[in-house]
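Before any comments, here is the structure.
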Amino acid sequence: MAKKSYFSALTELPANLWHSIFRNPLPSSDLGRSQTSFTNFFLHIHPVKVNKHTIKPWFTMGLGLITFFLFVILIVTGVLLMFYYVPSTEQAYNRMLDLRSSVAFGTFLRNMHRWAAHGMVAAVFLHMCRVFFTGSYKKPREFNWVLGIVLFLLTLFSSFTGYLLPWDQLAFWAITVGAAIAGYAPLVGKEIQFLLLGDTSVGQEALLRFYVLHIAVLPLVMTMLIAVHFWRIRKDGGLSRPEEADAASQPPGESLEAWPTELDVAPAQSAVAVQTVAAPAIEKKRYGIQGLVRGPFTKVGNVPENSVFSWPNLFMAELFVFVLTLAGVLVMSLLFNAPLEEPVNIAHPPNPAKAPWYFLGLQEMVSYSAFWGGVGIPTLEVLILLLVPYLDRGTKGVGKWFAKERLLANTLFLTFVIVNIGLIIIGTFFRGPNWAFVSPW
Amino acid sequence: MAVAKKAHTSEPEQTEGQITRRRMLNWLSSVGLFGSAIVSVFSNLVFIKPRATYGQPNRFSIGKPEDFPSGTRITLSEQNICVVREGEKLCAISTVCTHLGCIVSTSETGFACPCHGSRYDQDGNVTGGPAPKALPWYKVTLAPNGELEVDKGEEVAAGTYFNA
């Protein structure tokens, strides 16, 4: 008897192991689909059902997801690179050469890290454009826009701190110039510059500080803020969408105001309750406590017609974006090598000494005036961006690209985008030795 | 909770605006606790601000006056200064661009910065570009051992020469 139960335990072991990890089999019913979504740690971030409008590919273009996946790729490749990197002025550059010559896939990993970093700066900027042009920062999503701007700045700062680590000419002079720009901030500028560099000029202290910021402080802060950013998407009622996207789901003769202001909570009747809710025949919706959500954006009202189950619709879309992002980074890394210039020469800056492309707009402005170009105008731009959702209180045109009602706001933002891209193009292609104007042709 | 309520009702004279002992103690302890929390955040800032740096010392020797014959105009790349001597007059001009800290190179007309195109004349005065002020001149003295000493901690007005 004991023998038999031992054998049966052994034969059932794989299945038992599997079921102890994954609570649900691959779903074949709507009940299964909803259970899979909220019993899995990684999936429960998503709602069980999403509005059809949310997964239209051309609405979001997956830009936020691309940014996030690039961040994940950066963490993985970054940790791998850390196994070989030493933040010392004596060794850092040699370690870069070692990556090329004596580390398996060393060049490739560095390429991936570099191109994913550039890609993330671009993706996070495009994501911001998407959110603006679709009016998605409007109430109740104001604070998530603010978090997004902070994440954008942190992305730039991560990239800036990473730039010093190879300890080549580009690294040294970009950071010398960048830290000097910080020094132009009123009152605390010099203090910030000194804290950042740990010395009066870029050297060993600065390298160590930038390393710690790059591999520990910034990724931690960003991970936390990304979590809040994602969490708020759900708490703010999912992705923005036009009113029509919800309209079809409302039972005739019943407006949003008709929904109970006080939650009408029935005792939770296990997940079967979800099933009964999904059935359109039920007149009065009663639901268990999955979460107490205030305001008119409870999902219950629009379950029947206009939404689809996250499994598989949303998850397949996300997987597709991930595969596409990874493929893009891999192809870039196979085709192009991350540049590495000569080792640091403190006496001779390269001529012209150019920052990475996304900072060239800033460098172009700085070449007119260090304070206004480097501190004044960027600070104003960031302040205005942060305040956008609190200044533009109109409720029209949410969830539509280039809505007619938002012509003024969109035009202003488009001007901002074009000016900044224009400055980057000038800085990249039209500036030669001594930052003199040259023609690229 | 119940105790608190009782204590409150036992003092019927008490009006809303007056400060009870309880409120006073609450207030003092919160200020104390949160205050020390904020102070401890500032202590982190103090912690990351180095008290000693490992870079170039401010004061350094550059050699004997004979090493710089009249007509010399030589850049010392490690110290980032340009030593100029004409006749008996000798001076040390910074080669760190006042705009954003790049190292200027000597050009025919004086100094030029490769980063953002600032230009200076032979004495370090700005002649073009975004540089906000002239290149500083540093104090040159003769140490007892007969070697010239430059002190980057002490700027002197342009045109103040050391008499070799």
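Scanning region B:114-164 for residues that are touching a residue at least 40 places away in the same chain (Cβ under 8 Å) and acidic (Asp, Glu) yields a count of 3. Within region B:128-144, track down each residue that is at pLDDT below 90 and within 14 Å of chain A (Cβ to nearest Cβ). Hits for region B:128-144 are B:Gly128, B:Gly129, B:Pro130, B:Ala131, B:Pro132, B:Lys133. Restricting attention to region A:397-430, the residues that are assigned to a helix (DSSP H, G or I), among the aromatic types (Phe, Trp, Tyr) and loosely packed, with under 15 Cβ neighbours inside 10 Å add up to 1.
When you scan region B:1-44, how many residues do you find that are assigned to a helix (DSSP H, G or I) and either at pLDDT 85 or above or surrounded by fewer than 10 Cβ atoms within 10 Å (Cβ to Cβ) (or both)?
Matching residues across region B:1-44 total 30.
The residues of region A:366-378 that are in contact (Cβ under 8 Å) with a residue 12 or more places away in the chain and within 27 Å of the chain's Cα centre (by Cα), listed by number, are A:Gly374, A:Val375, A:Ile377, A:Pro378. Confirm whether B:Leu100 is outside any strand (DSSP E or B), buried (at least 18 other Cβ atoms within 10 Å of the Cβ), in contact (Cβ under 8 Å) with a residue 12 or more places away in the chain and not small (Gly, Ala, Ser). When the stated conditions are applied, B:Leu100 passes them.
Taking every residue in region A:9-29 that is within 20 Å of A:Thr39 (Cα to Cα) and pairing it with any residue that is in a loop (DSSP other than H, G, I, E, B) and at pLDDT below 90, at least 6 positions away or on another chain, the pairs with Cβ-Cβ distances below 9 Å are A:His19/A:Pro25; A:Phe22/A:Asn40; A:Arg23/A:Asn40; A:Asn24/A:Asn40.
The single condition among (1) away from every other protein chain (no Cβ under 14 Å); (2) over 26 Å from the mean Cα position of the chain (by Cα) that A:Asn434 does not satisfy is (1).
Using the structure shown, decide if A:Ile192 is within 14 Å of chain B (Cβ to nearest Cβ) and either of a type in the set (Val, Ile, Thr) or at negative phi (or both). Here the answer is yes, as A:Ile192 does meet what is asked.
A quick yes/no check of all residues on (1) touching a residue at least 60 places away in the same chain (Cβ under 8 Å); (2) more than 19 Å from A:Val76 (Cβ to Cβ); (3) buried (at least 19 other Cβ atoms within 10 Å of the Cβ):
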position: A:Ile175; (1), (2), (3): no, yes, yes
position: A:Ala180; (1), (2), (3): yes, yes, yes
position: A:Glu205; (1), (2), (3): no, yes, yes
position: A:Met222; (1), (2), (3): yes, no, yes
position: A:Ala227; (1), (2), (3): no, no, no
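In this entry, A:Pro349 passes the filter for residues that are over 29 Å from the mean Cα position of the chain (by Cα) and within 24 Å of B:Ala131 (Cβ to Cβ). Looking only at region A:42-64, which residues are under 20 Å from the mean Cα position of the chain (by Cα) and closer than 30 Å to A:Ser20 by Cα? Of everything in region A:42-64, those that are under 20 Å from the mean Cα position of the chain (by Cα) and closer than 30 Å to A:Ser20 by Cα turn out to be A:Phe42, A:Leu43, A:His44, A:Ile45, A:His46, A:Pro47. In summary, A:Lys52 fulfils each of the numbered conditions (1) surrounded by fewer than 17 Cβ atoms within 10 Å (Cβ to Cβ); (2) closer than 20 Å to A:Trp145 by Cα with the single exception of condition (2).
For region B:103-135, a residue qualifies if it is in a loop (DSSP other than H, G, I, E, B) and of a type in the set (Lys, Arg), and exactly one does: B:Lys133. As for region A:386-396, it holds at least one residue that is surrounded by 16 or more Cβ atoms within 10 Å (Cβ to Cβ), at pLDDT below 90 and not basic (Lys, Arg). Considering region A:333-368, and only residues there that are farther than 15 Å from A:Ala171 by Cα and in a loop (DSSP other than H, G, I, E, B), the residue that is nearest to the other protein chains (Cβ to nearest Cβ) turns out to be A:Ser367. Only one of the listed residues (B:Val83, B:Val96) is among the hydrophobic types (A, V, I, L, M, F, W, C), touching a strand residue (DSSP E or B) at 6+ places or on another chain (Cβ under 9 Å) and within 14 Å of another protein chain (Cβ to nearest Cβ). That residue is B:Val96. Candidates A:Gly119, A:Gly32, A:Gly106: the one that is over 23 Å from the mean Cα position of the chain (by Cα) and touching a residue at least 12 places away in the same chain (Cβ under 8 Å) is A:Gly106. Scanning region A:415-429 for residues being under 22 Å from A:Thr60 (Cα atoms) and without any contact (Cβ under 8 Å) to a residue 40 or more places away in the chain gives a total of 3.
Annotation for region A:99-106: no member residue is assigned to a helix (DSSP H, G or I), modelled with pLDDT of 95 or more, surrounded by fewer than 22 Cβ atoms within 10 Å (Cβ to Cβ) and more than 14 Å from chain B (Cβ to nearest Cβ). Here is the figure for region A:195-216: residues that are within 11 Å of chain B (Cβ to nearest Cβ) and in a helix (DSSP H, G or I) total 10.
Of all residues in region A:139-164, those that are surrounded by 21 or more Cβ atoms within 10 Å (Cβ to Cβ) and not in a helix (DSSP H, G or I) total 1.
Candidates B:Leu90, B:Leu76: the one that is surrounded by 14 or more Cβ atoms within 10 Å (Cβ to Cβ), farther than 30 Å from A:Phe359 by Cβ, modelled with pLDDT of 85 or more and within 11 Å of chain A (Cβ to nearest Cβ) is B:Leu76.
The values are calculated or read from the model by the stated rules, or taken from the named source; none is laboratory data. All values reported here derive from a predicted model rather than from experimental measurement. Backbone-built Cβ (ideal geometry, glycine too); neighbour counts: all protein chains shown.
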